[in-house]
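Scroll down for the structure; my scribbles are underneath it.
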Amino acid sequence: MRFAQFDQYSEDLLMAQYDVSEIITHELMKGEVREDFLISTLESCSDPKPKLLKGTISDGQYDAGQLDIILCRPHAHIRRVGAQCFVEKKDALCVIEVKGNCTGKDLKRAKAKAAMIQNLEGQESPQYGLVCYKVALEEMTVMKRFGFSYDSENKTFFDNATIPNEAEVDWQKIEYPELDFFVSFEMDKKIFLRKYEVSPGKFRFVRAVQSPLIKELFSMTRGLWVPAHQAPVP
């Protein structure tokens, strides 16, 4: 109970900062402020702090363009140009795109960006997903696009891919298979979706229902960072 209270405080503070930052009329600056505050919030989930940077991922020849937040391996070789960083693809654990009010176009752009990073040279690709303060789409629309159906009788979402003996041809289509997670903190649209392997080479999304929701984001960040931090330096 006590831990949940601290997590709820972090989530409430994050959303309060979003509301306060609305007074900033310069859209680029407002976005930067929100990204910085999310970074500082995520840094609080682990000691030592996870290495969260702004910049781009590159394979040495091409790069992915400007990225909001990059979670890097602890001993990554970072090339800094002012406040921006060049990160080798092999050194990136995760990319977080931050959206104030996520739209369908934002999701399509994120899908394309994730595919671009996956196509850079190198076998290992970082996870890629969105953290949204609000979502312009209805909850049902979001869930459907990530492979869920709706049971109107029980008023619940479900993935028929998890139904025993359900033919794959009947699985609900996933529109953003390149993404690894999607998070919305909006009241009445609190969503945390994360990709998992349902069978070899086949992936679906599972919805986390813990409250406060930020606990799931902390857990995901730590789950990527801590094993990488404990791994020997190559």
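The values are calculated or read from the model by the stated rules, or taken from the named source; none is laboratory data. In this text the structure is predicted, and so the values were computed from the model without any measurement. We place every Cβ from the backbone using ideal geometry, glycine too, and count neighbours over all the protein chains shown. For accessibility, only protein heavy atoms count, side chains too; no ligands or nucleic acids. Shrake-Rupley method; radii C 1.70, N 1.55, O 1.52, S 1.80 Å.
Miscellaneous remarks
- On inspection, L52 qualifies as at pLDDT 95 or above, of a type in the set (A, V, I, L, M) and over 18 Å from K134 (Cα atoms).
- Screening segment 190-215 for residues that are outside any strand (DSSP E or B) and open to solvent by less than 30 Å² (accessible area, probe 1.4 Å) and picking the one that is farthest from A4 (Cα to Cα) gives A208.
- Those residues of segment 107-157 which are closer than 26 Å to D91 by Cβ, among the charged types (D, E, K, R) and either surrounded by fewer than 19 Cβ atoms within 10 Å (Cβ to Cβ) or modelled with pLDDT under 95 (or both), in sequence order: R109, K111, E121, E124
- The conditions of being open to solvent by less than 50 Å² (accessible area, probe 1.4 Å) and more than 14 Å from the chain's Cα centre (by Cα) are not met by I163.
- Among residues of segment 55-86, those that are under 21 Å from F181 (Cα atoms) and either among the small types (G, A, S) or in contact (Cβ under 8 Å) with a residue 24 or more places away in the chain (or both), counted: 11
- Some residue of segment 80-103 being open to solvent by less than 10 Å² (accessible area, probe 1.4 Å), in a loop (DSSP other than H, G, I, E, B) and at pLDDT 95 or above: no
- Within segment 57-78, the residues that satisfy the criterion of being crowded, with 21+ Cβ neighbours inside 10 Å and either in a strand (DSSP E or B) or of a type outside the set (D, E, K, R) (or both) are I57, A64, L67, I70, L71, C72.
- Out of L38, L52, L42, one residue alone is touching a residue at least 12 places away in the same chain (Cβ under 8 Å), surrounded by 16 or more Cβ atoms within 10 Å (Cβ to Cβ), on the phi < 0 side of the Ramachandran plot and not in a helix (DSSP H, G or I). It is L52.
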